[in-house]
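What follows is a single structure, written as structure tokens, with notes after it.
FYI, it's all coordinate maths here, none of it is from the lab. Keep in mind the model is a prediction, meaning the values are calculated, not measured. Ideal geometry is used to build each Cβ from the backbone, glycine not excepted, and the neighbour counts take in all protein chains shown.
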Amino acid sequence: MVRSKLLLLSSVLLIAGCATLSEDECLTGNWQSIGYTDGAKGQAPERIDEHNKACSKHGIPVDLETWLAGYDQGLDVYCTADNGAWVGASGISYKKVCTGPRGEAFHYGHQAGIEVYEAEAARDRAQTDYETSERELADLQYSIEHEEGRARNTSLTRDERDAALAELRRLERQYGRVEHQMREISYAIDDLESHAFNLRSRLRQHFPNMTTY
């Protein structure tokens, strides 16, 4: 099985990016420990290619087989239902590294976590909409006061005052629509927050060993 993994990884091209290891780390690195850390963080298998790219600059080879042994052990830590729940709920990118039985466990928790993440994202979007409407209302209030002053300004012509009055009425109608919209959004935020809270509580109950969330 290890040999098949070696063949698979050796076929992957080196990918560009910042060096993952320094020269000292390449020289003194415990490749099993490095692999374990990568696996426990849910790094993709191609991570070894990044290490190889970093170390090859210093003429130092990577120990692929030892790294793989550690990487597989690290996946045992990462690919759990509790960690899947945390990853999903936190919105952290998942690189699809969990397979087989441990993959099934991870995906079970991950789906539950994503449900929470999406519920909270919907609540946050509604909150953003509310804040946008608040700013719109403030702008309308400023414009209303401006047009009220123009409508009362006797130095303007009758036509100008009538135009200001017409604009004032339009702005007042728009103000009322935005106020109504804000009330609807406020109700939606309450519902979404309640839904997200219930999902969070359920997530913690079902995955008690989940990383603090």
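Remark: the chain projects, on average over all directions, an area of 19.2 nm² (convex hull of Cα atoms). Taking only the C-alpha atoms of region 125-213, the Rg (one decimal) and the largest Cα-Cα distance, Dmax (whole number), read 22.2, 74 Å.
As a rough footprinting exposure proxy, the listed residues 68, 27, 137 were ranked by other beta carbons within 10 Å of their own, and the order from fewest upward is 27, 137, 68.
Considering the zone a paramagnetic label at residue 163 would reach in this model (a point 7 Å from Cα along the Cα-to-Cβ line), which residues of region 138-157 have amide N under 14 Å from it? Under 14 Å, as judged by backbone N against the label point of residue 163, lie 147, 150-151, 156-157 of region 138-157. Restricting things to alpha carbons, find the Rg to Rh ratio for region 85-183 using the Kirkwood radius for Rh. A ratio of 1.46. Choose one answer from 190, 139, 49: the residue with the largest mean-square fluctuation in a GNM of the chain with alpha-carbon springs under 10 Å. Looking only at 190, 139, 49, the biggest GNM fluctuation is shown by 139.
Taking the fewest neighbouring Cβ atoms within 10 Å as the starting point, the ordered list for 197, 207, 106 is 197, 207, 106. GNM on the chain, alpha-carbon springs under 10 angstrom: the most fluctuating residue among 128, 28, 37 is 28. By the helix-only formula, in which each DSSP H run with n ≥ 4 contributes -39500 (n - 2.57) and the sum is divided by residues, the chain has a 222 nm mean residue ellipticity of -26000 deg cm²/dmol.
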